[in-house]
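Student: My questions all concern the structure below.
The values are calculated or read from the model by the stated rules, or taken from the named source; none is laboratory data. These figures come from a predicted structure and were not determined experimentally. For neighbour counting, all protein chains shown are included, and Cβ atoms are generated from backbone atoms with ideal geometry for every residue, glycine included.
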Amino acid sequence: MGLVLGSGLGAVHEKITSPVDLPYPEIPGLPRSTVEGHGGFLRFGQLSGRPVLAFSGRVHLYEGLSAAEACLPVRLLSLLGVRTLILTNAAGALNPLFSAGTLMLITDHINLTGQSPLTGANVEAWGPRFPDLSQAWSPELAALAQSQARALGLALERGVYIQVPGPQLETAAETRAYRQLGADAIGMSTAIEAIAARHMGMKLLGISCLTNKNLPDCMAATSHQEVLAMAGKASADLARLIEAVAGALPDPG
């Protein structure tokens, strides 16, 4: 199983037992995160008795990278044998019914970055030239996450995630437009990683930690530090959920 951990979500990698860490600088060609709240290592170990590879921290388009470069960690996980991938992030809630501090299951995504990790020559060994994304996020994994959340007594919203380039936070008018597009949560990662993962045939589960609430008619100022603080509070619930999902996954054989 593979994990990519977003802003302030370090509580998840603390659940991994018998850990062995490989700092990003020791992985040739891997871009390094320059953003506060993102770790800088690949952790191998066990989660609920299952082998797991977890990238603690990710890179983003706004750090000056192409989509292909930003998705190198996901490509690497696939090449190392990962077939089930869990993508996590800290996100702003666009749906007025969702509350900050809760978790959201990603049911679909909108890539509004204007970029794709598939731009350029296709590597046939990785996947087809035109991969189908009609079910980008695994319904089976989504149902499993929902059942485990119920068993743990955790609230788990369901919604569409939209990725924007960043790094600026959205205006009130943009917030209203994204909501009209059908998005329930917004962030600056994940959608392009999902494209790369599905291109390589991985099954995907996505969970957002909703760190703030975006209401266009009464926008409240926020900051990256506030996002990290709320993500830290929600990450304990995220860690419990991912640990339970790992334990309930079918044996891959």
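One line per residue, one yes/no per condition, for (1) at pLDDT 95 or above; (2) not aliphatic (A, V, I, L, M):
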position	(1), (2)
PHE41	no, yes
GLU63	no, yes
VAL74	yes, no
HIS109	yes, yes
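Student: Just wondering, is there one or more residues in the stretch 36-50 that are part of a helix (DSSP H, G or I), touching a Ser or Thr at 6+ places or on another chain (Cβ under 9 Å) and not aromatic (Phe, Trp, Tyr)?
Tutor: no
Student: Looking only at the stretch 136-167, count how many residues are surrounded by 13 or more Cβ atoms within 10 Å (Cβ to Cβ), outside any helix (DSSP H, G or I) and of a type outside the set (A, V, I, L, M, F, W, C).
Tutor: 8
Student: Would you say ARG58 is loosely packed, with under 15 Cβ neighbours inside 10 Å, closer than 23 Å to SER116 by Cβ and in contact (Cβ under 8 Å) with a residue 60 or more places away in the chain?
Tutor: no
Here is a yes/no grid of residues against (1) in contact with a Pro (Cβ under 6 Å, 6 or more places away or on another chain); (2) charged (D, E, K, R); (3) not in a loop (DSSP other than H, G, I, E, B):
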site: VAL74; (1), (2), (3): no, no, yes
site: VAL82; (1), (2), (3): no, no, no
site: LEU85; (1), (2), (3): no, no, yes
site: THR88; (1), (2), (3): no, no, yes
site: ALA91; (1), (2), (3): no, no, yes
site: GLN115; (1), (2), (3): no, no, no
site: ASN122; (1), (2), (3): no, no, no
site: ASP132; (1), (2), (3): no, yes, no
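Student: Shifting gears a bit: Would you mention how many residues in the stretch 44-55 are crowded, with 21+ Cβ neighbours inside 10 Å and of a type outside the set (Gly, Ala, Ser)?
Tutor: 4
Student: Criterion first (assigned to a loop (DSSP other than H, G, I, E, B) and out of contact with any Phe, Trp or Tyr (no Cβ under 7 Å at 6 or more places or on another chain)) does ASN95 satisfy it?
Tutor: So ASN95 fits the description; yes.
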